[in-house]
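To start, the structure under review is shown below, and the notes come after it.
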Amino acid sequence: MQTSPSSGARRLGAALTGGALLAGALAAAPAVAAPSAAPAPTTTAVEACGADDGLPDSKISIQLFTHVGELGFGTPSPETIDRVLGEVAGAGFTNIEPFSQPYSMPVDEYKAILDRHGLEVSSSHGSTDWDTWPETVDYAVALGQDYIGTGGMAGSYGTYEEALATAQYVNRLGKYAHENGANKIALHNHQSEFTTRYPHPETGEMVSAWQVIEENTDPRYVTFQLDVGWAADAGIDVPAWIEEYGDRIELLHIKDAVNVDAEGDPRQVALGNGDIDLPAIIAASEPYVQYYTYEWDYAPSFESSAESYRYLRCYLSDGGGDACEPDDGPSLALGRPVTTSSTDDPARTGEMAVDGNAGTRWGSGWSEPEWIAVDLGASYDLSRVVIDWETAYASGYEIQTSPDGDTWTTVHTVTDGDGLFDDLDLTGTGRHVRLYATERATQWGFSLYELEIYGTPSGQEPTPEPEARGAGYWSSEYRQVRSPDHTPDELLCFLTLARAQSDVFDEVVDLTTLDDAVQVLWAPNHDEWVDVIDRQLLAAWLNVAAGSVSLEDPVAGGSTVGDLLHAVEAARLHAGTARADLKEYKSALEAVSARP
């Protein structure tokens, strides 16, 4: 079964920004085999990535709170630690970040378990109480870890004065750690470090608690572990923040989520499946960050951690293969009337599965079968259904349609559901659509955050696939993608999604032979000035595709924007066209592109 994010826009954003993330060759570290005495991990070994793909293993870590459901709080038993660390290593990780450290387990025993699974400790979260700080530092130094961390700021910051006092205390902790064999103390944020703000006593400018603590801590002893998920949910432009404060941010908590900076709580998902712009964040952080530590609080499985490891280690090789899927528009189910077989809580009604909010959900009674049905208001020819499951997902279910809400026809059956996102291509017609869940994957009922339905009104022809453009258009496009800001695939993908089309020519160019076609179409009198016209022509077509300019808009001389673009393309393609013939169009194209 295919699983994918419910929003094509998320995939496109990753495709357009991910191509320029890394430079240089980053070789994958060899896998470390556990001795036969170690428990065999259940996760599937991650295949090797190319030398130029993703981040190196030496910089990838996992916060063990990801699997707090298995570890529990405090010091786990040796058997539990051994099993969980075996799974983590099986998922691909070679570095970990424990929480609640130091353990009451002797450090030598803990180190032996780490060594058995080929794991090292990159940093840790634990107590910052001054009375026990020497013990915390000694434990970390014995493990050979680089940073000693905390799950917060190690103090209060409700007022500007409290934030200053916390900074002074953290300097003391960091200096002790540095002088006793550790590197630095690393401070970790949630949302409130950014949303708590006060006027700066000297400038009067409103500053956040994070900024006050950063400004008043010693970079020799104190660094920051920026949690990108909580920062984004607090409204921070994370890449821009890293650009400004990167020299103080040596660690990242890498998490992904949906419903970020929106009403309700964000909901964490596997890396690459949410709304956070991770490629841009990684690109901005590369000059500064030593460890990219993945975290998903209470992750559903070790398989989800393996998926997130692969995102960090191999994301460039994934290639965003589905980035050029057509945009289906808004879900037909959005805000429509819903009926359900049951609810497990009055706060989790069926309407919450079609409200467009990935932080709210419907939950059924703890039985099977259960169902949720949506009245679309009219008959539609369906093409796609997307289900965003909560932990209580269905391993078996049917998608059914009905003309009246009484008689149902099954149009798609799933027998191997694995939760998270299900993106189903299907064919069926009906006004009512029902998800009929037949087999529970957990002891609970069935629960989903969003049910999205896509299609076209019955009898209406679906939106045609993008047609091949005129040869002159592709000639213009090809020159534009020579810009270092875009690769040909990126801009072709964007143009395909935007459906910018020119049908003025009978001659067309196959997308797969773009390079060959340009060699034929390249004008004999091509020069830099002609490139300028090409870029103006492309910019005008992109504005049309984006909806900011209409082909019917008037231009000087009584013609329309469409007439102008077709005339420019016809002149541009003609082999006998000279610079003077194109020059008359320059100001007209500029005027079109300058329209608000």
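The values are calculated or read from the model by the stated rules, or taken from the named source; none is laboratory data. Here the structure is a predicted model, which means the values were calculated and not measured. Please note: Cβ atoms are built from the backbone with ideal geometry, for glycine as well, and neighbour counts cover all protein chains shown. Surface accessibility is based on the protein's heavy atoms, side chains included, excluding ligands, DNA and RNA. Shrake-Rupley method; radii C 1.70, N 1.55, O 1.52, S 1.80 Å.
Residues in the range 369-392 that are at pLDDT below 95, open to solvent by 20 Å² or more (accessible area, probe 1.4 Å) and part of a loop (DSSP other than H, G, I, E, B): Glu390, Thr391.
Under the condition of being in a strand (DSSP E or B) and aromatic (Phe, Trp, Tyr), the residues counted in the range 409-454 number 4.
Modelled with pLDDT of 90 or more, among the acidic types (Asp, Glu), touching a Lys or Arg at 6+ places or on another chain (Cβ under 7 Å) and surrounded by 20 or more Cβ atoms within 10 Å (Cβ to Cβ) - does that describe any residue in the range 49-58? Yes, the range 49-58 contains a residue that is modelled with pLDDT of 90 or more, among the acidic types (Asp, Glu), touching a Lys or Arg at 6+ places or on another chain (Cβ under 7 Å) and surrounded by 20 or more Cβ atoms within 10 Å (Cβ to Cβ). Screening Glu193 with (1) over 26 Å from the mean Cα position of the chain (by Cα); (2) in a helix (DSSP H, G or I); (3) surrounded by 20 or more Cβ atoms within 10 Å (Cβ to Cβ) gives one miss only, at (1). Residue selection: Gly562 satisfies the criterion of being of a type outside the set (Asp, Glu), at pLDDT 75 or above and either more than 14 Å from Gln536 (Cα to Cα) or assigned to a helix (DSSP H, G or I) (or both).
Yes or no, residue by residue, for (1) of a type in the set (S, T, N, Q); (2) touching a residue at least 60 places away in the same chain (Cβ under 8 Å); (3) open to solvent by 20 Å² or more (accessible area, probe 1.4 Å):
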| site | (1), (2), (3) |
| --- | --- |
| Ser122 | yes, yes, no |
| Trp130 | no, no, yes |
| Pro134 | no, no, yes |
| Ala142 | no, no, yes |
| Gln145 | yes, no, no |
| Gly149 | no, yes, no |
| Gly152 | no, no, no |
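Residues in the range 340-381 that are touching a helix residue (DSSP H, G or I) at 6+ places or on another chain (Cβ under 7 Å) and touching a residue at least 60 places away in the same chain (Cβ under 8 Å): Thr360, Arg361, Trp362, Ile372.
The residues of the range 404-433 that are surrounded by fewer than 21 Cβ atoms within 10 Å (Cβ to Cβ) and closer than 12 Å to Ala373 by Cα, listed by number, are Asp404, Gly405, Asp406, Trp408, Arg431. Evaluation of Gln443 against the conditions (1) open to solvent by 50 Å² or more (accessible area, probe 1.4 Å); (2) more than 28 Å from Gln268 (Cβ to Cβ); (3) at pLDDT below 95 shows that the sole unmet condition is (2).
On the basis of being touching a Ser or Thr at 6+ places or on another chain (Cβ under 9 Å), open to solvent by less than 20 Å² (accessible area, probe 1.4 Å) and in contact (Cβ under 8 Å) with a residue 24 or more places away in the chain, does Ile62 make the cut? Yes. The one condition from (1) under 21 Å from Val289 (Cα atoms); (2) at pLDDT below 95; (3) charged (D, E, K, R) that Arg248 does not meet is (2). Among the residues here, Gly158 qualifies as closer than 20 Å to Thr196 by Cβ, modelled with pLDDT of 95 or more and either more than 36 Å from the chain's Cα centre (by Cα) or surrounded by fewer than 22 Cβ atoms within 10 Å (Cβ to Cβ) (or both). For the range 345-356, the set of residues classified as open to solvent by 30 Å² or more (accessible area, probe 1.4 Å) and in a loop (DSSP other than H, G, I, E, B) consists of Asp345, Pro346, Ala347, Arg348, Thr349, Asp355, Gly356, listed by residue number. On the stretch given as the range 88-120, residues that are open to solvent by 60 Å² or more (accessible area, probe 1.4 Å) and outside any helix (DSSP H, G or I) total 3. Counting only residues that are among the acidic types (Asp, Glu) and at pLDDT 95 or above, the range 136-153 holds 1 of them.
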